[in-house]
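The values are calculated or read from the model by the stated rules, or taken from the named source; none is laboratory data. Owing to the predicted nature of the structure, the values given are computational and were not obtained by experimental measurement. Heads up, the Cβs are rebuilt from the backbone with ideal geometry, glycines too, and the neighbour counts pull from every protein chain shown. When the accessible area is computed, the model is the full protein with side chains, heavy atoms only, and any ligands, DNA or RNA have been set aside. Shrake-Rupley method; radii C 1.70, N 1.55, O 1.52, S 1.80 Å.
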Amino acid sequence: MITLLKNGRIYDPAHQKNGVIEDIYIHNGRIIAKPADTEKISQTFDLSGKVVMAGAIDMHSHIGGGKINIARMMLPEYQEKQRQEIKNLSEPEAHICTPHCSHHATPSTTDTGFRYIEMGYTAAFEPAISPVNARQAHLEMGDTPMIDKGGYAMLGNDDYFLRMLAAKKDQKAINDYVAWILHATQAIGIKVVNPGGINAFKFNQRRLNLDENNVHYQVTPREILQSLSRAVHDLGIAKPLHVHCNNLGAAGNFATTLDTMSASSGLPMHLTHIQFHSYGTEGDKKFSSAAAQIAEAINKNKHITTDVGQILFGQTVTASGDSMMQHLNAKHANPKKSVIMDIECDAGCGVLPFKYRDQNYVNALQWAIGLELFLSVEDPWRIFLTTDHPNGAPFTSYPHLIRLLMDKTFRNEAFAKLNLDAQAMSNLTSLDREYSLYEIAIMTRAGAGKLIGLHDRGHLGTGAAADITVYTDQADREAMFSKPDYVFKNGDLAVKDGRVVKVVWGVTHTAKPAFDIGVEKDLKEYFDRYQTMQMDNFKISDDEISSDGRGQVVAHHNNKK
């Protein structure tokens, strides 16, 4: 069966198409070239005047691994509010979230899939999979319909890796371990959170700077970053090392962020939720914006990419692997609840609710800092639209954020309502930039697909998966991006007029670089001596993800080679 999408206005940056009028043909879930005149067109959608983009990709969103489960259990009042809000709807699962919903920070797996595709997103990636907890993360993502999934495995605070560094193991041994972890956890990338800091927290260190030794292993965050970024590069993994810098949220942390860029030694590195790492110490309150310095450094260092982690005002829940800094921030929880935990000495986790307020000096300046970064980093291929869901705001806030980026008048009106002291410390109103539809398509589609190494996602070229979103062009960009006319997932019409009309299931994207299987000899001895499970039980097979018929593993082999 061939489907024709006729006369759409195409925004496909991967092929330099900026609003051109073209037809798209779909067959067997893929975009195909124009078929011969003799071939039958089974159905046609007239998209005259409509905006057509690839399905959007969220490259950093906490959607699996148990953190949201902890938040749901910690905040049962949110679940009750949700029940009240949807109790009179005949089809509760078709409820469309808005930034005003009380429950959007802690969606169920089903709600997560529905809410994403209702906005035109067809893939999302969990950025913090603890290897020992990877099976739980995949079970949750496997229960999430409508979208493709994937994740980044966390290393750099695990005992085995730190032992290797302390013992001065050579880079090949490190590379083999990193590759083994990718296979065992079914991940597509590697992340490091507060390099060495989460582990140092267990030895009563409360901060760890880039060149400060972990007191137990006598290794520094700089050594961890250099070793892991070299491994990711040598293994040919497309996704650069995903780095959550040290000193998250601390005033003055921009210096650490700049030093972290230098620690990359010219190798590709992705700095995540950089808004939380762009703070200075100027002014009476000793908290200021360092967005200009960070943006200038990103503009100069072409091997650095970043996502913002924009905050938006309202209630949310923060969930992070950075147990050291979450412990420090627990006093700011609203309501006053928190969970700080460790998982098998492999990684940490901290969950605490938070309410961002526009009349709070720090929160208001955080909001401005994120937007300053978006508007000051020049290359939209190297900056990505995220709220670090749910930490800065729920992902359902993306249409609102897009309007802030595309509409200066709307942005300045919002700015004028902020805490006055925060306004005085920001240069946001001097930034005239307004993102175009083409640039939005880069940062939410083409750029994200390229960064992760999804060669058949994020674009509309022949052979790509037919993940396609169709919008009505509206001056109100929030309204436009909140409710697509159509969303096709693998060629199936899944959303019409902003509502799900067919439940579909996506795939799990992974990376499987080659490695020396001999690495398992030492690993097995380690597991037998220190771990609570056998090594073979640690590894997740393809069948565990696909056995119920709702999932499929797609491996991306040595993407850069």
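Here is a list: THR257, THR281. Which entry is at pLDDT 95 or above, among the hydroxyl-bearing types (Ser, Thr, Tyr) and open to solvent by 50 Å² or more (accessible area, probe 1.4 Å)? THR281 is the lone residue from the list that is at pLDDT 95 or above, among the hydroxyl-bearing types (Ser, Thr, Tyr) and open to solvent by 50 Å² or more (accessible area, probe 1.4 Å). Annotation: of all residues in region 226-259 being under 20 Å from the mean Cα position of the chain (by Cα) and free of Cβ contacts under 8 Å to residues at least 60 places away in the same chain, the one that is farthest from LEU210 (Cα to Cα) is VAL232.
Within region 186-205, restricting attention to residues that are hydrophobic (A, V, I, L, M, F, W, C) and in a loop (DSSP other than H, G, I, E, B), the residue that is nearest to MET341 (Cα to Cα) is PHE203.
Close Cβ contacts (under 7 Å, 6 or more residues apart or on different chains) running from residues in region 1-15 that are more than 17 Å from LYS34 (Cα to Cα) and part of a strand (DSSP E or B) to residues that are open to solvent by 10 Å² or more (accessible area, probe 1.4 Å) and of a type in the set (S, T, N, Q) comprise TYR11/ASN18. Residues in region 377-418 that are of a type in the set (S, T, N, Q), in a helix (DSSP H, G or I) and touching a Ser or Thr at 6+ places or on another chain (Cβ under 8 Å): THR396, SER397, ASN412.
Note on region 118-139: residues that are open to solvent by 10 Å² or more (accessible area, probe 1.4 Å), of a type in the set (A, V, I, L, M, F, W, C) and in a helix (DSSP H, G or I) total 2.
Counting only helices (runs of 4 or more DSSP H) wholly contained in region 506-561, the ones carrying 2 or more residues that are of a type in the set (Ser, Thr, Tyr) and closer than 20 Å to CYS345 by Cβ occupy 519-530.
Among the residues of region 497-525, those that are in contact (Cβ under 8 Å) with a residue 12 or more places away in the chain, under 30 Å from TYR160 (Cβ atoms) and open to solvent by 30 Å² or more (accessible area, probe 1.4 Å) comprise LYS512, ALA514, PHE515, ASP516, GLY518, GLU520. State whether one or more residues within region 306-314 are farther than 18 Å from LEU385 by Cα and at pLDDT below 95. Scanning region 306-314, I find at least one residue that is farther than 18 Å from LEU385 by Cα and at pLDDT below 95, so the answer is yes.
The combined condition, being out of contact with any Ser or Thr (no Cβ under 6 Å at 6 or more places or on another chain), not charged (D, E, K, R) and not in a loop (DSSP other than H, G, I, E, B), is not fulfilled by LEU208. Residue count for region 141-172, restricted to those that are over 18 Å from VAL519 (Cα atoms) and part of a helix (DSSP H, G or I): 2. Only one entry of SER229, SER265 meets the criterion of being open to solvent by 10 Å² or more (accessible area, probe 1.4 Å) and closer than 17 Å to HIS303 by Cα, and that entry is SER265. Among residues of region 473-496 that are surrounded by fewer than 18 Cβ atoms within 10 Å (Cβ to Cβ), those with a Cβ under 9 angstrom from a residue that is among the small types (Gly, Ala, Ser), sequence gap 6+ or separate chain, pair up as ASP473/GLY49; ASP492/GLY29; ASP492/ALA466.
Within this structure, MET341 passes the test of being at pLDDT below 95 and either on the phi < 0 side of the Ramachandran plot or assigned to a helix (DSSP H, G or I) (or both).
Going residue by residue through region 442-458, is there one that turns out to be open to solvent by less than 10 Å² (accessible area, probe 1.4 Å), over 21 Å from the mean Cα position of the chain (by Cα) and on the phi < 0 side of the Ramachandran plot? No; the residues of region 442-458 include none that is open to solvent by less than 10 Å² (accessible area, probe 1.4 Å), over 21 Å from the mean Cα position of the chain (by Cα) and on the phi < 0 side of the Ramachandran plot. Figure legend. Inter-residue proximity from region 129-151: first residues of a type in the set (D, E, K, R), second residues buried (at least 21 other Cβ atoms within 10 Å of the Cβ), beta-carbon distance below 6 Å, spacing 6+ or different chains. Indicated pairs: ARG135/ILE540; GLU140/GLY64; ASP148/ALA123; ASP148/GLY506; LYS149/MET141; LYS149/THR508.
When region 483-505 is examined, which residues are found to be in a loop (DSSP other than H, G, I, E, B), over 23 Å from GLU126 (Cα atoms) and aliphatic (A, V, I, L, M)? Listed by number, the list holds a single entry, VAL501. MET533 meets the stated requirement of being touching a helix residue (DSSP H, G or I) at 6+ places or on another chain (Cβ under 8 Å), at pLDDT below 95 and more than 21 Å from VAL232 (Cβ to Cβ).
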